[in-house]
Amino acid sequence: MSAAVLIVEDEALIRQNLRRMLERHGHRVSEAACVDSACQQDLSQFDLIISDVRLPGAAGTSLIELARPTPVLIMTSYSDTRDAVAAMRAGAVHYLIKPFDHQELLVAIESTLKCSPVIRNAATPVHTLGMIGESPAMLTLYDEIRTVAPLATTVLIQGESGTGKELVARALHQLSPRAKFPMIAVNCASIPDSLMEDELFGHEKGAFTGANSSRKGLVEAADNSTLFLDEIGELPLDAQARLLRLLQEREIRRLGTHETRKVDIRLIAATHRNLEQMVNDGLFRADLFFRLNVVALNLPALSARGHDLNLLIHSITQQLCSRHDKKIDGLSAEALYRLQRHHWPGNIRELQNVLEYAVIMCKERMIPISLIRLPEMPPAQPSSVAAATASFDDRIPLLTEVVSAANGSLLQQQFIDLVRQLEPTLNETQLAEQLGISRKTLWERRKTLGIPRVIRRRSS
């Protein structure tokens, strides 16, 4: 998808490098070094504006209002995280924390251009049902939800634990004609096997000892509505047989009676288990699996959702601050860096738990890294060989990571090593160009980090 993009960045080398990269992907690119220069152009002609926060004169965030309704994507360094949070509150469609690679930027651009109604239109149903994400996988999921939701067909939601399967089920229900009735949600893993059939199908008075009155089961309670069976892989085989009959005949029979009752339900099931493998192992009925697997929706793991992590951190932190009556502006640079480098095996649920502890315990306006409780992991180590041999355009994201992080004392030694590796064959202008910064910035960082300049001797 070709688009007209305006880049607002005062570092000429970074601006030009971004321009070349975007033009290689078919976009039409204009440049500006500051907000005043940007406003000399017709901002309405652009499909997207990409702006740094810190600029000469007015801040880049001022473009959010000046360019409305053109979407604005904000770039910022770790030290400016508070500005990024403020930008999102003001209406920025994305913010990217430096360092970021070109692929991350391309994904952010694509999601903004392709599905901007999901982002900007408050009336878009899926976006207003608590689902946060703009990665390609999530945008595909939104389209699938809109397509399937109005239908009565059975849906099987698959994904790792903590990915938000119940949110998808509720979106399917809320966008269906059954939304006027409450969805009935059942966690099959939380009900003992001995009680499963009674819970689902109910019983008549006298059906067993202690059955002093008749009781409607959860399936009957979902009549004319949606029945959501979470963790359906935990359903015992006896209950599986009765569920299969329900799907085939659309009727149930309470325990203690031969009388059948017709029910009109839409079944949505979810699992983190491999049902096909369970069928092969004799733990799940093949005929039930085929009945459930009419439409399968697959939720991506958090580690596969790219920039969605930043959006989720921002949104969850705001929700938690509201819930616990805390006034927190965001996360420190080091805390955010730590979250971004974690693999998140527990997905969104793990992220929520980590952030809730940090919000509760935080006594400052920014959450420090000391409150981020995660397993220890080694810092990301950029390859010096790759940095030395990659082409200039491909090398910039890696170098930018080292250079930007050096400002926050995260990768200072890597920056020092990189300068010492490159400077024997380059003059200061060439070295700054390879690092993607100005010569003045290089001089300032030499001074801050105590990196002496190597004077190259001319060969006679």
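The values are calculated or read from the model by the stated rules, or taken from the named source; none is laboratory data. Predicted model, so just to flag it, every value in this text is computed and none were measured. Here Cβ is always computed from backbone atoms with ideal geometry, including for glycine, and neighbour counts include all displayed protein chains.
Among the criteria (1) at pLDDT 85 or above; (2) surrounded by fewer than 22 Cβ atoms within 10 Å (Cβ to Cβ); (3) under 24 Å from S135 (Cβ atoms), the one R20 does not fulfil is (3). Being buried (at least 19 other Cβ atoms within 10 Å of the Cβ) and touching a Phe, Trp or Tyr at 6+ places or on another chain (Cβ under 7 Å) is a property that does not hold for V35.
If you check T112 against the conditions, is it at pLDDT below 90 and buried (at least 19 other Cβ atoms within 10 Å of the Cβ)? Criteria met by T112.
Between H307, H314, the distinction of being touching an Asp or Glu at 6+ places or on another chain (Cβ under 9 Å) and in the same structural domain as I348 (by TED's automatic domain parsing) belongs to H307 only. Applying the condition of being among the aromatic types (F, W, Y) and buried (at least 16 other Cβ atoms within 10 Å of the Cβ) to the range 329-382 and asking which residue is modelled with the highest pLDDT yields W344. Go through the residues of the range 201-223 one by one and say whether even a single one is among the charged types (D, E, K, R), closer than 22 Å to L237 by Cβ and assigned by TED's automatic domain parsing to the domain that holds T271. No, there is no match, as no residue in the range 201-223 is among the charged types (D, E, K, R), closer than 22 Å to L237 by Cβ and assigned by TED's automatic domain parsing to the domain that holds T271.
Pairs are defined by a Cβ separation below 8 Å, a sequence spacing of at least 6 or placement on different chains, a first member in the range 323-342 that is without any contact (Cβ under 8 Å) to a residue 40 or more places away in the chain, and a second member that is in a strand (DSSP E or B) and among the β-branched types (V, I, T); the pairs so defined are I328/I367; A335/I367. Of all residues in the range 302-328, those satisfying the criterion of being surrounded by fewer than 19 Cβ atoms within 10 Å (Cβ to Cβ) and not in a helix (DSSP H, G or I) are D325, K326, K327.
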